[in-house]
Every structure is written in C-alpha cells, then in structure tokens.
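Report on one structure; see the data block that follows.
The values are calculated or read from the model by the stated rules, or taken from the named source; none is laboratory data. Note that the structure is predicted; figures quoted are calculated from it, not measured. A quick note on method: Cβ atoms are made from the backbone with ideal geometry, for glycine too, and the neighbour counts reach across all protein chains shown.
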Amino acid sequence: MKKVLICLLGLMLAGCFAGTTKESRFYALKSEMIAQTTYKTKNISINIDNVRIPAAIDKPQIITIDKNGVELKIHELHRWSEPLNLMIAGTMADDMALYLPNATVKNGGAVFETFTYNISVDVVKFIGNGQKATLDAWWTLRDEDEKQIAAGRFVFSEPTTQNYVDLVTAQSNLISRLAQDISQKIANH
C-alpha cells in the first residue's frame with residue numbers, strides 16, 4: 001500500500017512540474033458578408049440536404065497535407081468549431097442566401113418540408129498545404145420530386161499561407177465560390 005501511495009505522490013508531483021499544456025484553438029468557416037453578384041429567381045426554397053466528406057479529413061482537427069501531396073498532418077491544437085460537414089453545409093446555405101436573395105435557403109430541412117431544390121455535395125478534397133487550399137467536390141441539384149436536374153464538379157484552389165486563419169479564410173472563399181456556381185445554375189434553370 002505504501003508503494004502505491006508513493007507512486008501516486010510521485011505522479012502528482014511530476015504533473016506539477018511538467019508545465020502547462022497549450023490551449024486548443026477553434027476555427028469556423030465564414031460566409032461572404034456581401035455578395036458581389038446576385039441572381040434573380042422567383043420565390044424558391046432550397047435545401048442543402050447532405051454534405052459528405054472523406055474519412056481522412058472527417059476529424060475535429062484541421063488537417064493539412066505536405067507539398068508532395070502524400071503526408072497528412074493532423075493539427076491537434078487547431079480544431080474545427082463543429083463537425084466539418086455541418087459547417088460546410090451551413091456556410092453554403094448562408095452564401096447561397098446572399099447570391100439568391102429571393103430564395104429561402106436551409107441547411108438540413110425537416111423531413112416534412114418540401115423544397116423547390118435539394119442539393120447534395122460529395123467532397124473529394126478540402127485541404128491546404130501551406131501555399132494553397134483546394135476544394136474538389138461533386139454536387140447534385142434535384143427538384144422537389146428528387147429528380148436530378150443538374151450536376152457538376154467543382155475544382156478550385158485559393159492561395160494561402162501556413163497561418164491557420166489564412167487557411168480557413170481561403171477554404172471559406174472556396175465554399176463561397178461553390179455556392180455561387182450552384183446558385184448560378186439554379187438561376188439559369
């Protein structure tokens with residue numbers, strides 16, 4: 001019993017001298033504040049019903065990749081403020097509401113709601129490497145009867161630095177560009 005108490009006391013003292021741990025930082029994607037372009041539509045409703053992301057980046061931590069595109073790095077102290085798929089969907093909904101001012105845009109509408117358009121997004125890549133952030137995603141636009149009316153692939157990059165705020169800002173800009181592309185398709189439909 002004495003040995004156990006001595007070990008516990010030793011561990012407690014070691015903890016006191018080990019120093020403090022660093023604080024985690026949390027980041028959120030942000031929507032555009034003012035749309036540079038708006039599209040005219042009738043009064044329509046849009047639901048972003050599903051955003052799927054690859055398991056490799058479906059983590060609370062921010063993930064980056066090396067310049068060779070091979071090694072992923074998990075940044076333990078730099079984290080997303082909420083699940084990434086929900087944050088992407090919410091940011092898209094906010095941006096689309098700016099691009100389509102006559103539309104009601106929701107993220108994950110209720111089962112009993114009917115929408116003029118439903119959008120699904122399959123993210124292939126959403127990552128940065130210290131020089132650029134890249135978004136590669138397939139999207140599908142369906143009508144209220146769930147019939148596909150448009151689909152496409154979005155692949156763009158934004159310059160960034162190794163600063164996490166710069167990376168998240170670049171990724172936010174990419175989400176906004178995706179929202180603008182889909183908004184334009186809706187307006188032309």
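With part of a loop (DSSP other than H, G, I, E, B) and more than 15 Å from the chain's Cα centre (by Cα) as the only criterion, which of Lys73, Lys40, Lys59 stands out? Write out each step before concluding.
Numbers: Lys73 fails: part of a loop (DSSP other than H, G, I, E, B); Lys59 fails: more than 15 Å from the chain's Cα centre (by Cα).
Matching residue, one of Lys73, Lys40, Lys59: Lys40.
Hey, among Ala28, Ala93, which residue is crowded, with 18+ Cβ neighbours inside 10 Å, under 30 Å from Gln131 (Cβ atoms) and modelled with pLDDT of 95 or more?
Working: Ala28 fails: crowded, with 18+ Cβ neighbours inside 10 Å.
That would be Ala93, the only listed residue that is crowded, with 18+ Cβ neighbours inside 10 Å, under 30 Å from Gln131 (Cβ atoms) and modelled with pLDDT of 95 or more.
State which residue is nearest to Ala137 (Cα to Cα) when the search covers only the range 30-82 and only residues that are in contact with a helix residue (DSSP H, G or I) (Cβ under 9 Å, 6 or more places away or on another chain) and among the small types (Gly, Ala, Ser).
By that ranking, first place goes to Ser31.
Residues that are more than 12 Å from the chain's Cα centre (by Cα), surrounded by fewer than 16 Cβ atoms within 10 Å (Cβ to Cβ) and free of Cβ contacts under 8 Å to residues at least 24 places away in the same chain: which strands (runs of 3 or more DSSP E) entirely in the range 99-178 hold 2 or more of them? Outline the logic, then answer.
Values: elements: 103-107, 117-128, 132-143, 148-159.
The strands (runs of 3 or more DSSP E) meeting that bar are 148-159.
In the range 53-90, which residues are surrounded by 20 or more Cβ atoms within 10 Å (Cβ to Cβ) and closer than 14 Å to Ile119 by Cα?
Scanning the range 53-90 gives Ile88, Ala89, Gly90.
Which numbered condition trips up Gln162, out of (1) in contact with a helix residue (DSSP H, G or I) (Cβ under 7 Å, 6 or more places away or on another chain); (2) modelled with pLDDT under 95?
Result: Gln162 passes all but (1).
Please verify whether the range 33-52 includes one or more residues that are in contact with a Pro (Cβ under 7 Å, 6 or more places away or on another chain) and either crowded, with 16+ Cβ neighbours inside 10 Å or of a type outside the set (Ser, Thr, Tyr) (or both).
Taking the range 33-52 as the starting set, the residues that turn out to be in contact with a Pro (Cβ under 7 Å, 6 or more places away or on another chain) are 38.
Add one more test, that the residue is either crowded, with 16+ Cβ neighbours inside 10 Å or of a type outside the set (Ser, Thr, Tyr) (or both), and what stays is none.
So far as the range 33-52 goes, no, none of its residues is in contact with a Pro (Cβ under 7 Å, 6 or more places away or on another chain) and either crowded, with 16+ Cβ neighbours inside 10 Å or of a type outside the set (Ser, Thr, Tyr) (or both).
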